[in-house]
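For reference, the structure is listed below as structure tokens.
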Amino acid sequence: MSLYTVCVLLSSVSFLGYGVSYFTGPHMKSEFKRFQLEKLGLLTVVLELLGAFGLMVGFFFYKPLLIISAGGLALLMLLGLIVRLRLKDSLWISLPALFFMVLNSYILWGALQ
């Protein structure tokens, strides 16, 4: 299994997990309240879930969907990183958004090659 395949699987499974956690536990919803973005919580989670499914479907069946999904998730994580920086969250707390932004940027770059 190549590094690229592992990255696509890691990102898609992670975003599926984040999406499901929004509906199964209070932590994700409380984070959106803390960000003062409660109204965007559901939209963000739907975009994460669509991105996760898009990565998988795009990887195995339809490359343009992989490109759109990886770019969308990278952009979503850039926006998440900006929100965390504005709230003056620590680097440690902001690291997941940075990591997934870089990871999905790598997936996008690989898909464009």
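The values are calculated or read from the model by the stated rules, or taken from the named source; none is laboratory data. Since we're looking at a predicted model, the values are computed, not measured. Here the Cβ is made from the backbone with ideal geometry for all residues, glycine too, and neighbour counts use every protein chain on show.
From the list Leu55, Leu40, Leu73, the one residue that fits, being touching a residue at least 60 places away in the same chain (Cβ under 8 Å) and not hydroxyl-bearing (Ser, Thr, Tyr), is Leu73. Do you know which of the residues in region 1-44 that are basic (Lys, Arg) and out of contact with any helix residue (DSSP H, G or I) (no Cβ under 7 Å at 6 or more places or on another chain) is farthest from Ile93 (Cα to Cα)? Across region 1-44, the extreme among qualifying residues is Lys39. Collect the residues in region 1-13 that are of a type in the set (S, T, N, Q) and assigned to a loop (DSSP other than H, G, I, E, B), keeping them in residue-number order. Passing the criteria: only Ser2.
Out of Phe59, Phe53, Phe23, one residue alone is under 12 Å from the mean Cα position of the chain (by Cα) and at negative phi. It is Phe53.
Going by what's in this entry, would Phe35 be described as over 16 Å from Leu112 (Cα atoms) and at pLDDT below 95? Criteria met by Phe35.
So which residues in region 1-13 are of a type outside the set (S, T, N, Q) and surrounded by 11 or more Cβ atoms within 10 Å (Cβ to Cβ), if there are any at all? If the condition is that a residue be of a type outside the set (S, T, N, Q) and surrounded by 11 or more Cβ atoms within 10 Å (Cβ to Cβ), then Tyr4, Cys7, Val8, Leu9, Leu10, Val13 are the ones that fit.
Among the residues of region 59-113, write down those that are of a type in the set (Val, Ile, Thr) and in contact with a Lys or Arg (Cβ under 7 Å, 6 or more places away or on another chain). Across region 59-113, the qualifying residue is only Ile93.
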